[in-house]
């Protein structure tokens, strides 16, 4: 039996009951998070804002060998990384912990405290995310659009793709990708690239549009009062669940 799947914004998700939620941020938080694991990160922790990210980074450094912080916008004191898949793709993060904070995606995951099963999704892990949800067997699933107060078309397009994957329905994948490329967020990133803004990269939108370029599903986990996104490899055949495994990223064009 298929679950009841709804596409809603973060505000509505905070007041609606669901067994599972996929928090979607295509441009760019949850394109970045799986990329961090591909580049070797050990654990990706979520923070509510810049100050919380810096405090969490200092706290984790007491017990972990290498911890770096990541934020939206340009580089800033205390933050080694920016929320750009194109920039992250150039890094070696082997055995590093990363503390990630963004304006929409990470805050969306942290806001859904009453939802028992929360994942982070984007185009790059759409099928892995859908399969992880399907295997869990929830009755009510919310696909939570985080950008532009729940109306960002790049996130809505991704939600429609994940919903189709969940329900076994056909979908025009090319049309969805074109919506992402034509979105206001993508246009804003292009403007940032033209202006040589240090928080963006010319490959950000291209990487974000590579549907299913990784088989990593990201599941929210709690460790005391901290939250991290645990990676699960969910390949199309011979599925593996319940343990962390080496990640890969398939590059297209």
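No value in this document is a laboratory result; all are computed from the given coordinates. It should be emphasised that the depicted structure is a prediction, and the values quoted were computed from it without experimental measurement. Glycine gets a Cβ as well: all are built from the backbone with ideal geometry, and neighbour counts include every protein chain shown.
Could you check the spin-label model distance between residue 58 and residue 174? Points 7 Å from the Cα along Cα→Cβ, value in nm.
The answer from the label model is 5.4 nm.
For labels at residue 94 and residue 2 in the simple 7 Å Cα→Cβ model, what's the distance in nm?
For the pair residue 94/residue 2, the computed spacing is 4.6 nm.
Taking the C-alpha atoms of the stretch 34-89, how large are the radius of gyration and the largest Cα-Cα span, Dmax, in Å?
11.0, 30
Can you pull the Kirkwood radius for the chain, inverse mean 1/r over Cα pairs, to one decimal in Å?
Working: mean 1/r = 0.0561 Å⁻¹.
Roughly 17.8 Å, rounded to one decimal.
In what sequence do 28, 80 fall when counting other Cβ within 10 Å, fewest first?
On the way: 28 31, 80 16.
Lowest count first: 80, 28.
Order these by the 10 Å Cβ neighbour count, fewest first: 79, 30. The partial results should precede the final answer.
Working: 79 21, 30 35.
Placing the least packed residue first, the sequence is 79, 30.
Can you give me the relative contact order of the chain as a percent, contacts being Cα pairs under 8 Å and 6 or more apart?
Details: 557 pairs, mean separation 72.8, N = 253.
Computed over the chain, the figure is 29 percent.
Choose one answer from 73, 147, 105: the residue with the largest mean-square fluctuation in a GNM of the chain with alpha-carbon springs under 10 Å.
Between 73, 147, 105, it is 73 that shows the largest mean-square fluctuation.
Mind grabbing the base-10 log of I(q)/I(0) for the stretch 54-126 at q = 0.12, 0.14, 0.19, 0.24 Å⁻¹? Debye formula, identical points on the C-alpha positions, no solvent, two decimal places.
-0.39, -0.54, -0.96, -1.25
Starting from a Cα-only point model with no solvent, please compute log10 I(q)/I(0) by Debye for the stretch 1-126 at q = 0.14, 0.17 1/Å.
With no solvent term, the Cα-only Debye profile gives -0.61, -0.86.
So how do 132, 229 line up by other beta-carbon neighbours within 10 Å, fewest first?
Values: 132 23, 229 26.
The fewest-first ordering by Cβ neighbours comes to 132, 229.
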